[in-house]
Each structure stands twice: as structure tokens, then as C-alpha cells.
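**Q** First, the structure itself, so that you have it in front of you.
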Amino acid sequence: MTEHIDGNVLAGPLLDIFRQDMTTATARCASCGDISVLATAMVYDAAPGWCVRCHVCDDVLLTFVRADGRLHIDLRGITSLEVGV
Amino acid sequence: MPGWPGNIAGQHVDVRLTAPDGYQATRSYSLASSGPDARLELAVDRLPDGEVSPYLVDDVQPGDMLELRGPLGGWFVWKADQTQPVQLIAGGSGVVPLVAMIRSHAASGSTAPMQLLYSVRTPQDRFFAGELDTLDTVAYAYTRSGPAGDVIGRLTKERLAAAVLPVGSAVFVCGPTGFVESVATWLVELGHDAGSVKTERFGGA
């Protein structure tokens, strides 16, 4: 699958790390500064993980990989996250 | 689903299958049901070369156990306390979460106008056809064949403009990625605020 889907699909996987729904969290893109809810990000299947890109500039926001019972997440493309508490 | 906490219309579940050799595959499926009911309704479109959907459609029997996580997602949801008019736009099996919204709307007695524009190949390909036939708030855009007199073919910006509620409505668009991209772009070109257009894409179809 090369066609992207969107950040709604991240609800389950990100629950393992953040323990709350992250699709409504806003993230600031480190590349272009856009601030949007993660639900609108572009998500590419990169089995056994995902690559999540900014819907404005296409740069990588985060990647994560699930392997050997571990979840590895790389957040270098996000300079801030904001969630409802 | 034992212990189900109830769900909001538009939410989904992740279904995980584990093969005898330990290989796991997880897919997200929208719920057509909403509210406190612990009996969940999914609608699964069988993708011929899919890893999960053929199993769910062809092989699962009543009584089989499935690993399921949810309810998931807090963004692509409609809540009964939202009062603005709602335009729902579905492509193919993208109608599933929108049916949940229609049901939630009816169950809550909401007075907010809500209507559905449903793009689908043919009348026979419709999900929830019997239920949708009881509503007078559904318009169809058939892409392959349909009743005589209907315009047949992919949705265009002009047909979209004629079929949807005016600017200021909340809009939910769900379908294959290409469909959602086109519709969302047209809506913004037609004057809809990008922030009032919520989208859910499920890839190629």
C-alpha cells in the first residue's frame, strides 16, 4: 500500500504510549510550523510500523515501529504536542 | 463485547488477528453502532488481496473470538449536542461511520439538519440499503450504473456543490483516499472552512 491514509488510524497505536486519544492532539511540524490535529496528518504504511507526515509540507512528523514486543517511536519532526487534559 | 464502555458515533475499533505462527495483522474498522449498547456492528468490505478482510467476511463464524480494541478516535465523531447542520459525504464503504452518525442523530432526537451524499458504484453496492431507503435525507451519486435519469459517473465539483448543505455546516467525509482528497479540496474551493470539514481516509479501493 503506497497510498496514504490519515491520522485517525493512529488512535489505537498511540494509546500504547500516551494512554489517551492522540488523534485530537495538536502537533507543531518542525519543518513548516503548521499546527494541526494529528487526525489530519498523512499516514503511510511502513510495516511493521507507520510513517506520519505533515499534511501541509509532507515532511516526516513521526515514525514508529512495533517489533519484538517493543514499540519504538521517533518524534523528531514534532516540536510540540498539545492535548486536552 | 463484554465490558464495552459505549461509543460515540464515528469511532472505530482495531481488530487484531494472530496466525498460528504468531504473525499478527491489525486493521481499523469503523463502527456502525453507537451509544451504550455493548453489541457492536461493523461493516467490512472484502478486499480480494487483503490480509484481514477476507477472513472476517468468509471465515469468521458465530461464537469465534476476535481480539478487538476500542472505542478509538475522538476527532472524526459527531455528538448529539452539536447543533449546526451536518452534511455527511461517503465514498463506498466509507458510509459506515456516517451511518452511525445518522443513527445517533435519530436516537438522540437532535433537531440539527443532517443529510447524506453517498457515492457508490451501483444501487446494489450500497451498504445499509434497506435502512437508508427509509430516509428522505439521502442523495446518491452512482459511479457505474443507476436508475434511468440519474447522472452516472464520478462526483464532480459542480455536482457536489449542488448536493451539499451550505457553507457553515459541519461536514464529515469518509471514503477511499482519492475520493476524500477530491471532495475535501472542492469543499474548501466552494467556500467551506477547512476546519469544519472532517475527513477519514481508508486507502485505496
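Values in this text are rule-based calculations from the coordinates and carry no lab data. Just so we're clear, the structure is a prediction, and the values are computed from it rather than from any experiment. Cβ atoms come from the backbone with ideal geometry, glycine included; neighbour counts cover every protein chain shown.
**Q** Picking from B:107, B:139, B:43, which residue would you name as being in contact (Cβ under 8 Å) with a residue 60 or more places away in the chain, surrounded by fewer than 21 Cβ atoms within 10 Å (Cβ to Cβ), of a type in the set (Gly, Ala, Ser) and touching a helix residue (DSSP H, G or I) at 6+ places or on another chain (Cβ under 6 Å)? Explain how you work it out, then say what you get.
**A** Values: B:107 fails: touching a helix residue (DSSP H, G or I) at 6+ places or on another chain (Cβ under 6 Å); B:139 fails: in contact (Cβ under 8 Å) with a residue 60 or more places away in the chain.
Only one candidate passes the filter, namely B:43.
**Q** Which residue is surrounded by the fewest Cβ atoms within 10 Å (Cβ to Cβ), if the candidates are limited to the stretch A:24-81 and must be under 20 Å from residue B:72 (Cβ atoms) and among the charged types (D, E, K, R)?
**A** Ranking the candidates gives A:45 first.
**Q** Could you say which residue among B:172, B:179, B:128 is aromatic (Phe, Trp, Tyr), within 20 Å of residue B:84 (Cα to Cα) and either in contact with a strand residue (DSSP E or B) (Cβ under 6 Å, 6 or more places away or on another chain) or surrounded by 13 or more Cβ atoms within 10 Å (Cβ to Cβ) (or both)? I'd like the intermediate steps shown before the answer.
**A** Numbers: B:179 fails: within 20 Å of residue B:84 (Cα to Cα); B:128 fails: within 20 Å of residue B:84 (Cα to Cα).
After ruling out the rest, the residue left standing is B:172.
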